[in-house]
1. Give the residue that is nearest to G71 (Cα to Cα), with candidates limited to residues of segment 104-135 that are in contact with a strand residue (DSSP E or B) (Cβ under 9 Å, 6 or more places away or on another chain) and free of Cβ contacts under 8 Å to residues at least 24 places away in the same chain.
2. Can you name the residue in segment 86-135 that is hydroxyl-bearing (S, T, Y) and surrounded by 14 or more Cβ atoms within 10 Å (Cβ to Cβ) and, of all such residues, is farthest from the chain's Cα centre (by Cα)?
3. Can you find a residue in segment 136-143 that is surrounded by 14 or more Cβ atoms within 10 Å (Cβ to Cβ), under 16 Å from F64 (Cα atoms) and without any contact (Cβ under 8 Å) to a residue 60 or more places away in the chain?
4. Filter segment 42-69 for residues that are surrounded by 18 or more Cβ atoms within 10 Å (Cβ to Cβ) and touching a Ser or Thr at 6+ places or on another chain (Cβ under 7 Å) and give the result.
5. Is it true that T63 is part of a strand (DSSP E or B) and among the polar types (S, T, N, Q)?
6. Would a scan of segment 72-93 turn up a residue that is out of contact with any Gly (no Cβ under 8 Å at 6 or more places or on another chain) and among the polar types (S, T, N, Q)?
7. Against the conditions (1) modelled with pLDDT under 95; (2) within 18 Å of V147 (Cβ to Cβ); (3) under 13 Å from the mean Cα position of the chain (by Cα), where does T67 fall short? Just the number, please.
8. Looking at K86, K31, K125, K102, can you tell me which residue is of a type in the set (K, R) and within 29 Å of E5 (Cα to Cα)?
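The values are calculated or read from the model by the stated rules, or taken from the named source; none is laboratory data. None of the values given here were measured: they were computed from a predicted structure. Every residue, glycine among them, receives a Cβ derived from its backbone with ideal geometry; neighbour counts consider all protein chains shown.
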Amino acid sequence: MSNIETLVKTLVEKHGKTRNSLMPVLQGIVKEERFLSEEAMISVACELDLSAAEVYGTASFYTFLDTVPRGKNVVRICKTISCHMKGKDEIIEALENALKVKVGETTSDKKFTLLTANCLGWCHKGPVMLVNDAVYPEITPQKAIEVIEDYVKNTK
């Protein structure tokens, strides 16, 4: 049994074998593996007695369920109109320059992936940046770069 199969079995034991367990199982895999591989989605389908298409459809629908490998630190910038009006384009440009990647790409050292997100739920405090699970509201280009520099210093 592969590591991913063991992880899926553990998550299914924790959350149950019903259709309602699909999201928490997928979230658990992403938390451990940082993305959902084809092997993982097939294993989930088998364990929950669902079609692989249903599992993939669910995984690919949700922004935070990545189906491709990501960097150790996933940086997301909200792209809603309210964040756009408050300067999200300048933040993205600063991050692209600092990380030397474009939105959707991962740094060559696999430490950072830069993405946009449809809404992070912080419209009243935009623009907002999310790094993994940490929220950075009212971010400026300079603050965004400082956050990334802190992650570089504290990530080995």
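1. Quick first cut of segment 104-135, residues in contact with a strand residue (DSSP E or B) (Cβ under 9 Å, 6 or more places away or on another chain) only: 104-107, 111-123, 125-132, 135.
Applying the additional criterion that residues be free of Cβ contacts under 8 Å to residues at least 24 places away in the same chain yields 104-105, 121, 125, 135.
Numbers: G104: 11, E105: 9, G121: 23, K125: 26, V135: 18 Å.
The residue in question is E105.
2. To start, the set of residues in segment 86-135 that are hydroxyl-bearing (S, T, Y) comprises 106-108, 113, 116.
From what's left, surrounded by 14 or more Cβ atoms within 10 Å (Cβ to Cβ): 106-107, 113, 116.
Numbers: T106: 12, T107: 15, T113: 9, T116: 10 Å.
The qualifying residue farthest from the chain's Cα centre (by Cα) is T107.
3. Scanning segment 136-143 turns up no residue that is surrounded by 14 or more Cβ atoms within 10 Å (Cβ to Cβ), under 16 Å from F64 (Cα atoms) and without any contact (Cβ under 8 Å) to a residue 60 or more places away in the chain.
4. If the condition is that a residue be surrounded by 18 or more Cβ atoms within 10 Å (Cβ to Cβ) and touching a Ser or Thr at 6+ places or on another chain (Cβ under 7 Å), then A45, L48, A59 are the ones that fit.
5. Working: part of a strand (DSSP E or B): no; among the polar types (S, T, N, Q): yes.
Spelling it out, it is not the case that T63 is part of a strand (DSSP E or B) and among the polar types (S, T, N, Q).
6. yes
7. Going through the list (1) modelled with pLDDT under 95; (2) within 18 Å of V147 (Cβ to Cβ); (3) under 13 Å from the mean Cα position of the chain (by Cα), T67 breaks only (2).
8. Working: K86 fails: within 29 Å of E5 (Cα to Cα); K125 fails: within 29 Å of E5 (Cα to Cα); K102 fails: within 29 Å of E5 (Cα to Cα).
The unique qualifying residue is K31.
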